[in-house]
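Undergrad: Would you mind keeping the following structure in view while I ask a few things?
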6 protein chains.
Amino acid sequence: MTATPSPEAFREAKTQGNERLRKGGSFFESFFALDTAAYEPGALPVSVKELLGLMVSVMKDCEECVYHHLKRCDEEGVSRNQVLEALQIALAGAGSVTVPLLRRAVTFMEKLPNLGEGEHEA
Amino acid sequence: MTATPSPEAFREAKTQGNERLRKGGSFFESFFALDTAAYEPGALPVSVKELLGLMVSVMKDCEECVYHHLKRCDEEGVSRNQVLEALQIALAGAGSVTVPLLRRAVTFMEKLPNLGEGEHEA
Amino acid sequence: MTATPSPEAFREAKTQGNERLRKGGSFFESFFALDTAAYEPGALPVSVKELLGLMVSVMKDCEECVYHHLKRCDEEGVSRNQVLEALQIALAGAGSVTVPLLRRAVTFMEKLPNLGEGEHEA
Amino acid sequence: MTATPSPEAFREAKTQGNERLRKGGSFFESFFALDTAAYEPGALPVSVKELLGLMVSVMKDCEECVYHHLKRCDEEGVSRNQVLEALQIALAGAGSVTVPLLRRAVTFMEKLPNLGEGEHEA
Amino acid sequence: MTATPSPEAFREAKTQGNERLRKGGSFFESFFALDTAAYEPGALPVSVKELLGLMVSVMKDCEECVYHHLKRCDEEGVSRNQVLEALQIALAGAGSVTVPLLRRAVTFMEKLPNLGEGEHEA
Amino acid sequence: MTATPSPEAFREAKTQGNERLRKGGSFFESFFALDTAAYEPGALPVSVKELLGLMVSVMKDCEECVYHHLKRCDEEGVSRNQVLEALQIALAGAGSVTVPLLRRAVTFMEKLPNLGEGEHEA
């Protein structure tokens, strides 16, 4: 029920927490490196991998992960309609209990340069 | 750890987010219609269906869904004790990790005309 | 992907396992007693409580719990259409990933005296 | 711990169960239609949508859904390496508890014409 | 995305909510007693049991439960490195979707007398 | 509802599946290595780490993971009563939906040299 954060505020809080984890042992650093490697270009382009990561995030009800992958989709040129179609698959697959997180997702999208629908522009 | 919202504030934030989803394609509208249809009176009365929806919501840790179904239970004449018995089944079934959400549920109930225990009345 | 068990086979395997847990300490016995108490008649009739337990079971993907509550629904006079409406709420709420368990549920129902649709009756 | 089913056996059991659900009311038919619609070609190609559905299925630990989407990926020309990269994202995202289902996935892939690695061919 | 609470603020909100649940029937009181009993010293020392409870809490994404068990670990003399190793097992087991909660955990630990790393002291 | 496997049968199926994953790319090998590293002795002894892994497994409803960690507990000298106390914490934390998996756990324990209660011996 909290306000959707700005992309900048979201990034700052995340960076600080990750620093604390990294200081907690090399295991965390190794895990982060492996997680990052999973999203590098390969047989699948990065844009598709970020959509897959978005699915993981919605399924596991991870609000901060959703914002991360939406931001990455925005950077990788995924279109608004492509994200919306991915969210439809999430909704069909995991049902109406995902709706509150989907509401936050589309609200966060408005703050991104490419994924918003420019609803305030008219 | 955020404050439990008022029913009015809760409803406004939900309406705005749902509008954004609806603009995201007819799929969302169709899903909402199907979800609504599941709660229409049939072989089971609406009051029982709302209690079933409350169970779904607690099990999936969906705070906003819990508030929605508590509000609907309140409107449909479900009694405070009936809701509490449903929450007991949730607690026995899904264990102490549900307790924080149950605490929010009983706090939200205080703000509803019929489901509160009127604890402030003396 | 295993065959749906007969109600008798299901009950026997469950009883044996519960015995092993009970021998594991009084804690388990106490928990079972508390869980049983949640389903005793109160402000809600037992039939409704069993439907609530069915929701808990589907949401947590607990196949054996689903069979247990279907059997109890059958004993408590819940009708086939009432169970089907409850399953519709589960499907709308938790999406198509619940479908395999719902398939097993309706298959198990065929083996129960009251909840089956008598599909073999010509 | 059961044996990985053949694609044919898997399909037959699924069809029979779905028929039982469809006879349970038009709601189920409507939900199935909506779920199917989410996978139709749009801004995203079907092949990507099936990979997204595979993610949903692994995240929700739905073995039968995993087999369904692997089969659809196979039909839509997704390559073995593309599926493996998707499974890597699932593993990084949801951790080692997904490994048993990933083992079943790669075993099932061996039975599909295009997704197997032809391990028996030498 | 909310701020990590102080241990005192966290405890107060919890106490008030638990009181409301306790007034909701003796069932809740009985459940709380059973849950408490599971953490009493036995074949395992309390410190290990609190670490086990921490695992349960991270796995079920229960932020308030995580804070409770971290506080109890702090009181029972569990070391910072022991907690960090437990969190590593959680991360390996349940993947990167746990990272936001782990970030909150290490942030909360800074507020505890023994589990913090004293990062502000230099 | 399938029979609890023998430890030998369980290990063989697991080894074969893991081989298939390892052939799927170095990512899987790297992940397995990291997961293994989380269980190496450190500030916590291996026996406690295996109990923590058991909690992860029960919470995520991972039957094969439960068998793995029970086997490792047996090898590391964890006592039957210690495992049972851990299972009690799991039951209190995650409720009666865990009972079917706990039944399988205690049944599997009977097949292990140290964790069984020798129930057939008299």
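The values are calculated or read from the model by the stated rules, or taken from the named source; none is laboratory data. Just so we're clear, the structure is a prediction, and the values are computed from it rather than from any experiment. Quick reminder, even Gly has a Cβ in these numbers, built from the backbone with ideal geometry, and neighbours come from all protein chains shown.
Undergrad: Could you list, in sequence order, the residues of the range F:38-63 that are of a type outside the set (S, T, N, Q) and more than 8 Å from chain E (Cβ to nearest Cβ)?
TA: F:E40, F:P41, F:P45, F:V46, F:E50, F:L54, F:V58, F:D61, F:C62, F:E63
Undergrad: I would also like to ask the following. Taking E:R20 and the conditions (1) farther than 23 Å from E:L112 by Cα; (2) in contact with a helix residue (DSSP H, G or I) (Cβ under 8 Å, 6 or more places away or on another chain); (3) modelled with pLDDT of 95 or more, which numbered condition does it fall short on, given that it satisfies the others?
TA: (3)
Undergrad: Would a scan of the range C:4-12 turn up a residue that is surrounded by fewer than 20 Cβ atoms within 10 Å (Cβ to Cβ), of a type in the set (K, R) and within 10 Å of chain F (Cβ to nearest Cβ)?
TA: So far as the range C:4-12 goes, no, none of its residues is surrounded by fewer than 20 Cβ atoms within 10 Å (Cβ to Cβ), of a type in the set (K, R) and within 10 Å of chain F (Cβ to nearest Cβ).
Undergrad: Also, quick follow-up: Could we say that A:V99 is among the aliphatic types (A, V, I, L, M), part of a loop (DSSP other than H, G, I, E, B) and either crowded, with 23+ Cβ neighbours inside 10 Å or at pLDDT 95 or above (or both) here?
TA: no
Undergrad: Next up: Which one of these is touching a Gly at 6+ places or on another chain (Cβ under 9 Å) and surrounded by fewer than 17 Cβ atoms within 10 Å (Cβ to Cβ): D:E40, D:E117?
TA: D:E117
Undergrad: Before we move on, is D:E29 of a type in the set (D, E, K, R), more than 10 Å from chain C (Cβ to nearest Cβ), touching a helix residue (DSSP H, G or I) at 6+ places or on another chain (Cβ under 6 Å) and surrounded by 21 or more Cβ atoms within 10 Å (Cβ to Cβ)?
TA: no
Undergrad: Go through the residues of the range D:44-59 one by one and say whether even a single one is among the polar types (S, T, N, Q), under 29 Å from B:A37 (Cα atoms) and free of Cβ contacts under 8 Å to residues at least 40 places away in the same chain.
TA: Within the range D:44-59, one or more residues are among the polar types (S, T, N, Q), under 29 Å from B:A37 (Cα atoms) and free of Cβ contacts under 8 Å to residues at least 40 places away in the same chain.
Undergrad: Something else now. For the range A:15-26: of the residues being basic (K, R) and out of contact with any Phe, Trp or Tyr (no Cβ under 6 Å at 6 or more places or on another chain), which is farthest from the other protein chains (Cβ to nearest Cβ)?
TA: A:K23
Undergrad: Could you tell me which of the residues B:L34, B:L51, B:L44, B:L70 is at pLDDT 95 or above and within 24 Å of A:Q82 (Cα to Cα)?
TA: Exactly one residue qualifies, and that residue is B:L34.
Undergrad: Tell me yes or no: at least one residue of the range E:3-23 is under 10 Å from the mean Cα position of the chain (by Cα) and not aliphatic (A, V, I, L, M).
TA: For the range E:3-23, residues under 10 Å from the mean Cα position of the chain (by Cα) and not aliphatic (A, V, I, L, M): absent.
Undergrad: Residues that are within 11 Å of chain A (Cβ to nearest Cβ), out of contact with any strand residue (DSSP E or B) (no Cβ under 7 Å at 6 or more places or on another chain) and either among the hydroxyl-bearing types (S, T, Y) or without any contact (Cβ under 8 Å) to a residue 40 or more places away in the chain (or both): does the range B:77-84 have at least one?
TA: no
Undergrad: Please go through (1) surrounded by 24 or more Cβ atoms within 10 Å (Cβ to Cβ); (2) touching a residue at least 60 places away in the same chain (Cβ under 8 Å) for F:F108 and return the number of the only condition it doesn't satisfy.
TA: Of everything listed in (1) surrounded by 24 or more Cβ atoms within 10 Å (Cβ to Cβ); (2) touching a residue at least 60 places away in the same chain (Cβ under 8 Å), F:F108 misses just condition (1).
Undergrad: Kindly evaluate F:K71 against the criterion of being more than 30 Å from E:E29 (Cβ to Cβ), surrounded by fewer than 22 Cβ atoms within 10 Å (Cβ to Cβ) and in contact (Cβ under 8 Å) with a residue 40 or more places away in the chain.
TA: Yes: the conditions hold for F:K71.
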